[in-house]
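Encoded as structure tokens, the structure appears first; notes follow it.
The values are calculated or read from the model by the stated rules, or taken from the named source; none is laboratory data. Note that the structure is predicted; figures quoted are calculated from it, not measured. Methodologically, a virtual Cβ is constructed for each residue, glycine included, from the backbone with ideal geometry; neighbour enumeration extends over all protein chains shown. These accessible areas exclude ligands, DNA and RNA; they are computed on the full protein's heavy atoms, side chains included. Shrake-Rupley method; radii C 1.70, N 1.55, O 1.52, S 1.80 Å.
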Amino acid sequence: MDLNQGGFYRFSNYVYWLLILNILFVFTNILCFAALIMLIPSISNSILYYIAFIPAGPAFAALFHSLSILVRNNEVTPFKEFFKAYKKNYWEVTKVWLPILTAFFILVIDIQYFNQNPTVWNQILNGIFLVALCLLVIFSLYALLITTHYKFRLRDVYRLSLYYIFTWIKRTTGNIAILFLTIVLMFFTSDFIIILISSLVAWCLVLNTKPIIQDVKISFVRNDNKNQQDT
């Protein structure tokens, strides 16, 4: 029997890849994690949080890109693929990420304000903004994945992300469920467990979103142009 084809061998490889990619993600996202650990979550620290979260976009994108390769062909050289994606897509991803990050912080600050002034109207707005925040997280997932796979104009990345949120409801709902279960796990254990399971959560998101990335290629990428990246 070929040991390289054994179930345990494949399982151990997956564990190794996820572990290494998790370490690389935490390393490139150290400023964000440091802010979450050291800063008091208050509006007065919002600008510091904002700055700390700027490198998170390229780190997430590199993680998603590496995991997409793992999902597609079961072969990943973790260091090479992660840093290749991180370096190659850094500025493109940052251009996509900054407006999303800005919208995210505006929503979070508004939600904080509504909670501090719990009128009936503010509670209604709080619920609406929480839904918007949830959709923004899924929007950012699609935007980062599309950006790491294909070359589109910024507004086209945003349009495609919105399109897939509301037309592929099953996938969107699945991603929301993955994130909800992650939050539940954090609630019953510790917020910092996300540091240990980042790559695992991202892998589940990538697995669920894989058909969307394939549909982008089929529906919106022409074979005779240069939109598609070599991945």
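Please tell me if LEU200 is surrounded by 14 or more Cβ atoms within 10 Å (Cβ to Cβ) and in contact (Cβ under 8 Å) with a residue 60 or more places away in the chain.
yes
Each row is one residue, and each column tells you yes or no for (1) more than 16 Å from ILE213 (Cα to Cα); (2) in contact (Cβ under 8 Å) with a residue 12 or more places away in the chain.
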{"position": "TRP91", "(1), (2)": "yes, no"}
{"position": "ILE106", "(1), (2)": "yes, no"}
{"position": "ASP110", "(1), (2)": "yes, yes"}
{"position": "THR119", "(1), (2)": "yes, no"}
{"position": "VAL137", "(1), (2)": "yes, yes"}
{"position": "LEU154", "(1), (2)": "yes, yes"}
{"position": "ARG159", "(1), (2)": "no, no"}
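Inspect segment 96-113 for any residue being exposed (fewer than 14 other Cβ atoms within 10 Å of the Cβ), closer than 23 Å to LEU21 by Cα and out of contact with any Ser or Thr (no Cβ under 6 Å at 6 or more places or on another chain) and give the result as yes or no.
no
Using beta carbons and a limit of 7 Å, which pairs, at least six apart or on different chains, have the first residue in segment 211-222 and surrounded by fewer than 14 Cβ atoms within 10 Å (Cβ to Cβ) and the second one part of a helix (DSSP H, G or I) and at pLDDT 90 or above?
Close Cβ pairs (under 7 Å, with a partner that is part of a helix (DSSP H, G or I) and at pLDDT 90 or above) amount to PRO211/ARG171.
Given the conditions (1) farther than 26 Å from ARG222 by Cα; (2) of a type outside the set (Asp, Glu); (3) buried (at least 21 other Cβ atoms within 10 Å of the Cβ), which single one is not true for LEU135?
Failing condition for LEU135: (3).
Go through segment 30-64 and count every residue that is open to solvent by less than 20 Å² (accessible area, probe 1.4 Å) and without any contact (Cβ under 8 Å) to a residue 60 or more places away in the chain.
Qualifying residue count, segment 30-64: 6.
Any idea which of (1) more than 29 Å from ARG153 (Cβ to Cβ); (2) in contact (Cβ under 8 Å) with a residue 60 or more places away in the chain; (3) open to solvent by 30 Å² or more (accessible area, probe 1.4 Å); (4) not hydroxyl-bearing (Ser, Thr, Tyr) is the one LEU18 doesn't satisfy?
The single condition LEU18 does not satisfy is (3).
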